[in-house]
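Each remark here refers to the structure printed beneath this line.
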Amino acid sequence: MFRPFADWLSTTALSKTMQDHAWVVPTSQSIHIIAVSIVFGSACMINLRLLGVGRSGRSVSQLSNTLVPWMWRGLAVLLFTGLIQTVTEPVRQFVTPMFWAKMLMIIVVATMTSLYARAVRRNAPQWDGASSRPSRAKAFAIVSTLLWLAIIVCGRFIGYTWSFYA
Amino acid sequence: MVVLRVNIAALLAAIESWPVSAALRGEMPGTEWLFPIVETLHVMALTVVFGSIAMLDLRLLGIASRNSSVSRLSSEVLPWTWAAWGTAALFGTLMFMAKAGTYAGNLQFRLKFVCMGLAAVNMLIFHLGAFRQVASWDSGEPPVSAKVAGAASLSLWIGVVFFGRWVGFTT
């Protein structure tokens, strides 16, 4: 279903222009990795804090209010560089299930993060106290860390699996 | 000098001939996915290295995490940075072993390590310099020398990531 669209996209002038410049994809991928670092690094800091691992001096709400905005900025860069890579090499992305699994997990983890950030903003004192913190905090921390790791795996494996499906 | 060159070439060739290296190249039965898995673990580790260093650098530049003092943020973040760096170095070494000779002669690979070396020197200068008087600027605006260290570190680590990614396109 997506293959005809991918084939058409790869013949557009925009896609062809970027294909003709060999530096576009590696540069975009490098920026993509830097943005992944900002997003995943921030997610790890927040999730470790929720799990009570490490020596954070900051409260949960302080940490979240500082880092979640950086996660959204990083995600914006990820979407932009990801779009560049998709328009330049659409077939590579659309044929492998890794790409679709990655997109699905990004939607899930972004929704979770947004709900989490809203809950913390609305009731900071409850989230900051170790005993009053909702029991779903630890579940959120574990699930979101696993989702980000799976997203990184799928992202890297797009490049290793697409040729089997093309 | 000539003798040394020959020995390095021989050493690189010897590394490539190890069974582990052959497995990493996927040349042994059942090892087709070894390199992709090792590379993915390298990527996971390096995101934590870069992400945690960037947090500190942005704090030194006065851009982010201003609600935390510099010394508290470093003690919070640096243990993870070092653990992740060790992990990235371990899996990076495995990747290197697969094609030691090719990587050693690759320009981007060499530039990556130049950047990492300069980042280490920058860190040393910062620790022996501005960080010694951290108590006097811990919660406020960092001095110019600390900002320079933060900017240099951020630029050099961006260089490490860029050159690292380009190695995959040039080897």
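Brief remarks on what is shown
- Those helices (runs of 4 or more DSSP H) of segment A:1-78 in which at least 2 residues are more than 8 Å from every other protein chain (Cβ to nearest Cβ) and in contact with a Leu (Cβ under 9 Å, 6 or more places away or on another chain), considering only elements entirely within it, cover A:24-51.
- Listed by position, the helices (runs of 4 or more DSSP H) inside segment B:1-95 whose residues that are facing chain A (nearest Cβ under 9 Å) and of a type outside the set (A, V, I, L, M, F, W, C) number at least 2 are B:34-60.
- Hey, B:TRP18 touching a Phe, Trp or Tyr at 6+ places or on another chain (Cβ under 9 Å) and more than 30 Å from B:ARG72 (Cβ to Cβ) or not: no
- Residue among B:ALA151, B:ALA135, B:ALA120, B:ALA98 that is more than 25 Å from B:GLY26 (Cβ to Cβ) and touching an Asp or Glu at 6+ places or on another chain (Cβ under 9 Å): B:ALA151
- Some residue of segment A:115-136 being open to solvent by less than 40 Å² (accessible area, probe 1.4 Å), touching a Phe, Trp or Tyr at 6+ places or on another chain (Cβ under 9 Å) and within 30 Å of A:VAL91 (Cβ to Cβ): no
- Close contacts from segment A:43-55, counting a first residue that is among the aromatic types (Phe, Trp, Tyr) and a second that is open to solvent by 10 Å² or more (accessible area, probe 1.4 Å) and modelled with pLDDT of 95 or more, with Cβ to Cβ under 9 Å and a gap of 6+ residues or different chains, come to none at all.
The values are calculated or read from the model by the stated rules, or taken from the named source; none is laboratory data. Remember, predicted model here, so these are calculated numbers, not experimental data. A quick note on method: Cβ atoms are made from the backbone with ideal geometry, for glycine too, and the neighbour counts reach across all protein chains shown. In case anyone asks, the SASA skips ligands and DNA or RNA and just uses the protein heavy atoms, side chains included. Shrake-Rupley method; radii C 1.70, N 1.55, O 1.52, S 1.80 Å.
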